[in-house]
Each structure stands twice: as structure tokens, then as C-alpha cells.
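Readers should treat all values here as calculations from the given coordinates under stated rules, not as data from a laboratory. Note that this is a predicted model, so its numbers are computed, not measured. Every residue, glycine as well, gets a Cβ built from its backbone with ideal geometry; the counts of neighbours run over all protein chains shown.
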Amino acid sequence: MPANPRLRVLLLIPHLGGGGAGQVAALVAMGLGQERFDVHLGLVTQGTAPAGYLPPSVTIHTLGARRVRGAAFSLLRLIHRLHPDVILSGMAHLNFLLLLLRPLFPRKTAVLVRQNGTASAALAFGDLPFYTRLAYRLLYPRADRVICQSQAMADDLAQLAGISKVRLAVLPNPVDIEAIRRSIPATSPGPGPHLLAIGRLAKVKGFDLLIRALLLVRGSYPNADLTIAGAGPEEDPLKMLAVDLSLRDAVRFVGHVDRPSAFFAGTTLFALSSRHEGLPNALLEAAAAGLPLVATPASGGVLDLLRGQPGAWLAAEVSAEALADSLLAALVALSPGQRFPHPFVEQFSLQRAIPAYEQLIESAVRERQA
């Protein structure tokens, strides 16, 4: 047996290609050092793994469950077969299942869960099952560490779930900044201005507010248009809203895209219209590309990140009118094609984010195996 055997890490997500949580898991899986970690990725609701999505150093396990909550037995089989040193889960409903099953895991397996939104705001919004608050309080304290993307998110979760602050870790979302910058194509976008928004087509993302704000913006900029990249349950109502506001030709729905950076070159500014958020990767990727940023005050993390930053405009509140005011303020100030260095995004680079994950994994394993 080698003197320093590699730590076996099992990352768990529902599926790849589903948004920020999947991107974070993929980047962590690819980034963890092969000499120190034996990396496995479990896809709970995916039956086949996309070829070439991850390097051969990452072993992919597809469980093929119809829903996360129906994956208990297949998860337990996988965990007992692999005997991982640490499990890292990346979505709240999967976190709940994992922590519920934790008493049945091998005794020395450390469990880390990543929180991907501000818990109290999500509960207040009312789009979560009635038992969610209780699940946070009963289950999250079972984790060795709970990973948050901002201090505001960690403080919120500590109060909501009664988690000791020593069990909360604030880690940056990894963003492949260099790959984003390399992948931006040269385009000739036409008159514009051109707005871009990215995310799941769900009420929480506030795309209805953004479409209404676009109508107000077009009073001053008649050629303004909006591209929305994403898929989800609100697609038909959003398209109907655009028609009702006579914006059919001004709002383009392009569906889910694997590489939103393909739209960055022709974009005048990026808009985050969420009613509540954590710290979304779409915002960080747009910042990595240097895009001007307009955002609602969707979370303490977003406010802390963007407040006072050149090239970033924060709306006064979460409303179509406030969003339109910020969009207009940005458009008045911007020159055509203007970009910003956004130095704050460097903290999310792979060179800084991945070592932070490595250190947390090793620390949690040492504590569990002591």
C-alpha cells in the first residue's frame, strides 16, 4: 500500500448540463489533483454519461433514477461499493436525501454538502415543499461541512438551520476564466443595444420582470433586444408575455446552451433579474468575459460582490421599474462594445477555487478519520 494513498472523492449531482450546480461539480471533478484524489462523479437521475464531457481520470457512475428522492437504494449501493473517503453533494434536495441516509454510510465517510441558494429567501418565496425548513434544521447539522458561496449565505444558513459556524465553509464557485475568454467569438451584432440573460426559466429568475423592463428601455432605445438562454417550466408564459407586450421580435429564447460564452461577444450588457439568488455562475462567467453587469439585489452575496464596482449597476429593488432604471443608467454610461476588467472575478479562478476545495476535503477527512 502506498505511504500516502489517494483520497477517494464521490461527487453527487442530479445530472450534468443542468445549470450552475452541474458546472461546479464538473470543474471540481476535473480540477482535483490526480496525484492526491481518486475522483468519482455520481449522476443520480442520468442513465448515460455524455462522451468526452469529463477526462478519463474521473470515473462516472449513472444511477438512472426517475427522481432524486427515488434514488436511496442505488445511492447506498454505490457508496458501499466505492467506500469513498468523502462525499460532496451539490443540490439541496439531494443534500437532504444524502444526510437522511448518512447513518447507513461507512462510519469514516465524511459528508460535505454545497448550498446553492440563500435558504431563507427561497423559503420566503414559497416555491419549496412545506417540510424544507424542518429538513434544513434536522438534516444539515449532520454534515461535516456545509459549503456556501458567500458569507451572507453562510450567515443566513447558520441562523435558519442552527448550524455551528465551524461547520460552515465559504468557498468560491470555480470559474474557468481563461477558457471563457478564449471561447468568445468575433461577431458583428448590429445596432442594439443587446441584453443577455441566462438561467432556468422559472419564476425565481425574474425573466418576466426583465421582459417588462425591456419594454420601458425601448422607450429610449427602440432597437434594444434581449436574448434569454435557458429552459424551464416558465418558457410558454414568458413567450406569451413577450407577445402580449408586442416584444415578439425583440425577445429571443435560445433554450439551454452548454456554452453561453458564445453569446458574449455580441452582448452590450448582462442582466441578472432574479427575485432571489445565491451567487450564480452565469453572473460570474459574464464578469469573466468583461461584460457590463446589471443586477437586482437578489442576495447579500450579489450585493457584496457588485456594490461599488466599475461596470456594475445594482437595481434599487426587485421590480421591473427598478431594473429598467438600472438598465437605462448603464446604457447611458456605456460606449459601444465597452468591457470591464472586473478584478473581483479572479477570486473564482480555478487556480484559487480548486485548492480551497482540496484543502476542505482533506481537512474534513482528517477530522472524520481521527
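Below, the figures for the structure above:
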read-out	value
Region 213-231 and region 235-278: distance between their alpha carbon centers, rounded to Å	9
Long-range HN-HN contacts of residue 227 with modeled amide H, under 5 Å	195, 196, 197, 252
Of (1) 1.37; (2) 0.98; (3) 1.11, the label for Rg/Rh (Cα atoms, Kirkwood Rh) derived from the coordinates	(2)
GNM flexibility winner over the chain from 77, 218, 137 (Cα, springs under 10 Å)	77
³J(HN,Hα), Karplus 6.51/-1.76/1.60, whole Hz, each residue of region 235-248, x for Gly, Pro	4, 5, x, 5, 5, 5, 4, 4, 5, 4, 8, 6, 10, 3
Fewest-first ranking of 83, 40, 256, 342, using other Cβ atoms within 10 Å as the exposure measure	83, 256, 40, 342
Under 18 Å from residue 205, Cα to Cα: lysines that are on another chain or at least 8 residues apart	239
In Hz, Karplus ³J(HN,Hα) per residue of region 59-75 (6.51, -1.76, 1.60; θ = phi - 60°; x = Gly, Pro)	8, 9, 10, 9, 9, x, 6, 5, 9, 4, 5, x, 9, 4, 5, 5, 5
Exposure proxy order (Cβ contacts within 10 Å, fewest to most) of 105, 125, 348	125, 105, 348
Alpha-carbon centroids, region 136-175 and region 80-120: separation in whole Å	13
Sorted by Cβ density within 10 Å, fewest first, the residues 277, 358	358, 277
For the chain, built as a Gaussian network whose Cα springs stay under 10 Å, the top-fluctuating residue of 260, 55, 141	55
Lysines whose Cα lies under 25 Å from that of residue 108, excluding same-chain neighbours fewer than 8 positions away	165
Top of 123, 16, 331 by mean-square fluctuation, Gaussian network on the chain, Cα under 10 Å	123
3J(HN,Hα) from dihedral phi, region 102-113, Karplus parametrisation 6.51/-1.76/1.60, rounded to Hz, x for glycine, proline	3, x, 9, 7, x, 4, 9, 7, 7, 10, 10, 10
Relative contact order computed over the chain (Cα-Cα under 8 Å; 6+ residues apart), in percent	15
Cα centre as origin, Lys/Arg/Asp/Glu Cβ charges: the chain dipole, Debye	1280
Built amide H within the under 5 Å cut-off of residue 8, gap 5+	38, 85, 86
Amide hydrogen neighbours beyond the local backbone of residue 206, cut-off 5 Å, H modeled	275
Geometric extent, Cα atoms of region 177-347 - Rg, Dmax (angstrom)	14.5, 42
Listed residue (202, 171, 183) projecting farthest to the positive dipole end of region 168-212, Cβ model	202
Rounded to the nearest 20 debye, dipole of region 177-347 from Cβ charges on Lys, Arg, Asp, Glu	240
Ranked by how many other beta carbons lie within 10 Å on average, peptides 244-252, 92-100 from highest	92-100, 244-252
The chain: calculated mean residue ellipticity at 222 nm from DSSP helix runs of at least 4, using -39500 (n - 2.57)	-11000 deg cm²/dmol
